[in-house]
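Working notes for the structure below.
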Amino acid sequence: MLSDWEESSTARVIPPARPRKLAKVPFVELADGRLQGVVSSGSDIGRVYVSSIAAGDYAFACSTNNNRPCGGAHGSFCKHLTALVTESVLQYGAERVARYLRVETVDAEPNAQTVTAAMTGTRPRQTSANAAAPVFSRFLRHLAYLELTPTTTPLPEMQWFPPTREVA
């Protein structure tokens, strides 16, 4: 027997580990084998950075939304990557982020600083920002949903969920 949520056309949302402010890092996700997200620029309100850290080898990339490389990511994590890790820990919890990225910390209870320190201690390599376009595209898609008027009618683009039973 399936539970009610398994028969619905909505997905369960896991609440954040702790509330977070969306001004600095409006979008963060654990997807495609990476911690990735969008980080606001500290100096230009119209600029954002798409940052990512790969699970396992911690290869990182940081560039603007129009593929200009981050000036601070020269062989080590820049402030955008550090902010991404900090906000991901608030969103998902340190244990989940560390497990996803395959970070082994010496602390029994990891936090954003210990997770970051464990990754940077391995001297990760900088990679090209080839994941920036899909990440930024998903971020823009999320923003578009915020502009919709609240309604209970189905959204056509959300109709890809397979039906589980006939509705009379």
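Some points to look at:
- For region 80-110, filtered to residues that are in a loop (DSSP other than H, G, I, E, B) and among the β-branched types (Val, Ile, Thr), the residue that is farthest from ALA61 (Cα to Cα) is VAL106.
- Screening region 54-65 for residues that are assigned to a loop (DSSP other than H, G, I, E, B) and in contact with a strand residue (DSSP E or B) (Cβ under 7 Å, 6 or more places away or on another chain) and picking the one that is surrounded by the fewest Cβ atoms within 10 Å (Cβ to Cβ) gives ALA55.
- When we screen ARG68, ARG102, ARG138 for residues that are over 14 Å from VAL38 (Cβ atoms), touching a residue at least 12 places away in the same chain (Cβ under 8 Å) and surrounded by fewer than 21 Cβ atoms within 10 Å (Cβ to Cβ), the only hit is ARG102.
- Residue, surrounded by the most Cβ atoms within 10 Å (Cβ to Cβ), within region 71-86, restricted to residues that are free of Cβ contacts under 8 Å to residues at least 40 places away in the same chain and farther than 14 Å from VAL38 by Cα: GLY72
- Of all the residues in region 107-116, those that are over 15 Å from the mean Cα position of the chain (by Cα) and touching a residue at least 12 places away in the same chain (Cβ under 8 Å) number 6.
- Matching residues, region 123-146, being at pLDDT 80 or above and of a type in the set (Ser, Thr, Tyr): SER137
- Members of region 111-149 that are in a loop (DSSP other than H, G, I, E, B) and either within 23 Å of SER76 (Cβ to Cβ) or of a type in the set (Gly, Ala, Ser) (or both): ASN111, GLY121, THR122, ARG123, PRO124, ARG125, THR127, SER128, ALA129, ASN130, ALA131
- Identity of the residue in region 23-53, aliphatic (A, V, I, L, M) and surrounded by fewer than 12 Cβ atoms within 10 Å (Cβ to Cβ), that ends up modelled with the highest pLDDT: ILE45
The values are calculated or read from the model by the stated rules, or taken from the named source; none is laboratory data. These figures come from a predicted structure and were not determined experimentally. Every residue, glycine as well, gets a Cβ built from its backbone with ideal geometry; the counts of neighbours run over all protein chains shown.
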